[in-house]
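The values are calculated or read from the model by the stated rules, or taken from the named source; none is laboratory data. These figures come from a predicted structure and were not determined experimentally. Note: ideal-geometry Cβ built from the backbone for every residue, glycine included; neighbour counts use all protein chains shown. All accessible areas refer to the heavy atoms of the entire protein, side chains included, with ligands and DNA or RNA removed. Shrake-Rupley method; radii C 1.70, N 1.55, O 1.52, S 1.80 Å.
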Number of protein chains: 2
Amino acid sequence: MIQMKKGEKTRDHILKTTRFILVANGFHNTTISDIIKASGVKKGNLYYHFASKEEIGLAVLEDAKEEFFNFLGQSFQGKSPCAKVINSCQAIFAEQKKNNFVGGCLFGNAALEMSDSNHHFSKVIHGVFSRWVEEIDGHLTLAGEDCSFNSNLSPRLLAKTIVAIIEGGIMMSRVSKDQADLDDCLAVIGAMFGE
Amino acid sequence: MIQMKKGEKTRDHILKTTRFILVANGFHNTTISDIIKASGVKKGNLYYHFASKEEIGLAVLEDAKEEFFNFLGQSFQGKSPCAKVINSCQAIFAEQKKNNFVGGCLFGNAALEMSDSNHHFSKVIHGVFSRWVEEIDGHLTLAGEDCSFNSNLSPRLLAKTIVAIIEGGIMMSRVSKDQADLDDCLAVIGAMFGE
DNA sequence: CTTAACAAACTGAACGTTCGGTACAAAATA
DNA sequence: TATTTTGTACCGAACGTTCAGTTTGTTAAG
């Protein structure tokens with residue numbers, strides 16, 4: 001059970017709690033009962049704040065999306081573009097572990113679980129990934145940072161690949177239960193830009 | 001409804017049919033009814049061949065695993081290691097599309113959906129990924145193929161990253177519904193080895 | 001200061017549905 | 001004959017959802 005912090009709104013508490021459950025278990029393997037048990041919010045009250053399980057899921061995605069890009073904006077100040085990306089990724093993962101939760105990417109999970117079966121979810125997920133790529137693309141372009149081994153690769157293509165490496169790396173870490181796998185992948189991103 | 005081919009065993013037909021459903025919808029979002037409808041096999045008969053839904057899921061994974069590594073073994077003959085990996089990945093994806101099915105990786109899906117909640121699944125998934133990395137590692141080492149931009153990166157680390165890029169690329173393609181995203185990622189793998 | 005009024009927040013039992021799985025006789029196949 | 005397949009009916013558990021009713025906090029009148 002995750003205690004509700006003083007001053008925290010019930011709705012927010014449900015969102016934060018559910019986010020961690022969704023990262024660990026996915027949407028379809030998470031029941032309303034799971035959310036109730038973990039948050040301490042009673043069933044009736046939960047349905048007072050949300051109309052349906054789907055609405056909770058979408059709200060969690062939106063909430064996490066906002067937090068993610070805020071965080072990305074912060075961590076993009078100073079340092080080289082690729083260092084920023086790597087650092088931000090490590091920081092998010094570290095925070096998850098700090099709270100004893102399964103490390104993973106909510107958006108990546110949702111992408112594979114929902115993007116073909118629920119267009120409400122797929123819309124949000126698509127938005128997250130394309131904006132993520134855009135931001136990295138923009139920062140690579142702005143910094144004029146070239147790929148160390150092939151300057152013909154466009155910033156956009158590199159940005160896509162960086163996101164793919166991160167998502168793939170998170171997946172591998174999850175399977176092996178060893179964060180070193182993600183770190184290895186992030187190291188290669190660094191090496192790609194000669195860092 | 002997927003028609004059963006002549007001479008095909010019912011058990012095999014269930015496995016192949018279910019595989020495509022699982023790639024598209026995942027395990028928890030797939031019901032026994034879905035499998036029955038898609039395969040044409042009646043409920044009683046399905047439970048004559050399998051004891052439970054979990055057993056079907058595991059059998060599908062094992063079946064796909066065997067097919068995957070057979071295919072990888074074939075495609076590894078001739079050509080450079082990284083070309084083989086890229087070609088095999090493209091071929092599998094193309095075949096899925098040919099059958100009008102959602103392109104995706106069964107193992108990647110299962111990794112994010114099940115690896116934390118079901119240890120039977122996680123064991124198989126872990127086996128697939130570690131063997132996949134091993135095989136690429138082995139072929140890189142055997143061919144003495146170095147990373148074009150940093151020869152200090154070990155073959156194993158590179159192999160891990162290649163798998164991560166592929167899985168991440170599949171995820172991105174799935175979200176964008178554009179195979180170009182996966183192709184872009186594969187192109188970067190090629191570029192990493194100066195091809 | 002007390003009290004009435006009201007909306008927002010919350011409760012928990014109960015609902016209808018769907019799920020995975022069972023039972024088993026009859027029919028088909030080999 | 002032994003194995004495999006069909007058909008239908010059924011079960012209990014778990015699911016997401018509803019709802020009549022209770023509590024709480026705020027506001028304003030008496």
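Once a ≥ b ≥ c are taken as the square roots of the eigenvalues of the Cα gyration tensor of the stretch A:53-195, is the result rounded (a/c under 1.5), prolate (a/b larger than b/c) or oblate (a/b not larger than b/c)?
Prolate, because a/c is 1.5 or more and a/b exceeds b/c.
What figure in square angstrom, to the nearest 10, would you give for the accessible area of residue B:102 with a 1.4 Å probe?
Probe radius 1.4 Å; accessible area of residue B:102 about 50 Å².
What 222 nm value per residue comes from the helices of chain A, counting each DSSP H run with n ≥ 4 as -39,500 (n - 2.57) and dividing by all residues, nearest 500 deg cm²/dmol?
-24000 deg cm²/dmol
Rank by packing, highest mean first: peptides A:131-144, A:157-170, with packing defined as the count of other Cβ atoms within 10 Å averaged across residues.
Per-residue Cβ counts within 10 Å, averaged per peptide and sorted highest first, yield A:157-170, A:131-144.
Does the protein assembly as shown come out rounded, prolate or oblate by the C-alpha gyration tensor, with a ≥ b ≥ c the root eigenvalues, rounded set by a/c under 1.5 and, if not, prolate when a/b is larger than b/c and oblate if not?
Judged from the Cα gyration tensor, the protein assembly as shown comes out oblate (a/c at least 1.5, b/c at or above a/b).
Averaged across B:109-121, how many Cβ atoms of other chains sit within 10 Å of each residue's Cβ atom?
Taking all residues of B:109-121 together, the mean is 5.
Between the helical axis of A:10-25 and the dominant principal axis of chain A, each derived from Cα atoms, what acute angle in degrees is found, rounded to the nearest 10?
60 degrees
Tell me, what HN-Hα J-couplings in whole Hz come from the Karplus equation 6.51 cos²θ - 1.76 cosθ + 1.60 at θ = phi - 60° for each residue of the stretch A:132-141, using x for Gly and Pro?
Result, ordered by residue: 4, 4, 4, 5, 5, 3, x, 6, 5, 4 Hz.
Chains A and B: what accessible area do they bury, summed, in square angstrom to the nearest 100, with a 1.4 Å probe?
Chain pair A/B: roughly 3800 Å² of buried accessible area.
Show me, for the stretch B:110-122, the HN-Hα J-couplings you get by feeding each phi into the Karplus relation (A = 6.51, B = -1.76, C = 1.60, θ = phi - 60°), rounded to Hz, glycine and proline as x.
Running phi through 6.51 cos²θ - 1.76 cosθ + 1.60 with θ = phi - 60° gives 4, 4, 7, 8, 10, 5, 9, 10, 9, 6, 5, 5, 4 Hz.
Compute the label-point distances linking residue A:142 to its equivalents in the other copies; points lie 7 Å from Cα along Cα→Cβ; give nm, one decimal, shortest first.
4.7
Placing +1 on the Cβ of each Lys and Arg and -1 on the Cβ of each Asp and Glu in the stretch B:152-195, which of B:168, B:190, B:155 has its Cα farthest towards the positive end of the resulting dipole?
Farthest towards the positive pole: B:155.
Over the stretch A:60-192, what is the mean sequence separation of C-alpha contacts under 8 Å (at least six apart), divided by residue count, expressed as relative contact order in percent?
In percent, rounded to a whole number, it is 24.
How do A:64-77, A:14-27 rank on mean C-beta neighbours within 10 Å, highest first?
A:14-27, A:64-77
Give, ordered by residue number, each residue of the stretch A:147-167 whose 1.4 Å probe accessible area is reduced by a minimum of 30 Å² on adding the remaining protein chains to the chain alone.
For the stretch A:147-167, once contacts with the other chains are taken into account, A:149, A:157, A:160, A:161, A:164, A:165 lose 30 Å² or more.
For residue A:44, which inter-copy label distances result when the label point lies 7 Å beyond Cα on the Cα-to-Cβ vector, reported in nm to one decimal and in ascending order?
Ordered by increasing distance: 4.7 nm.
At a 1.4 Å probe radius, which order do A:119, A:13, B:49 fall into by accessible area, largest first?
Working: A:119 125, A:13 5, B:49 60 Å².
Per-residue accessible area, sorted high to low, gives A:119, B:49, A:13.
For the protein assembly as shown, what is the accessible area per residue in Å² when the probe is 1.4 Å?
44 Å²
Using a label position 7 Å from Cα in the Cα→Cβ direction, what is the ascending list of nm distances from residue A:87 to the same site in the other copies?
Distances to the matching label points in the other copies: 4.4 nm.
Quantify how strongly other chains surround peptide A:101-108 by giving the mean number of their Cβ atoms within 10 Å of each of its Cβ atoms.
Going residue by residue through A:101-108 and averaging, the value is 2.
In degrees between 0 and 90, to the nearest 10, how far off the longest principal axis of chain A does helix A:81-98 point, with axes built from Cα atoms?
In chain A, helix A:81-98 runs at an angle near 30 degrees to the longest axis.
How much of the accessible area of the stretch A:60-192, probe 1.4 Å, is carbon plus sulfur, in whole percent?
The value for the stretch A:60-192 is 50 percent carbon and sulfur by accessible area.
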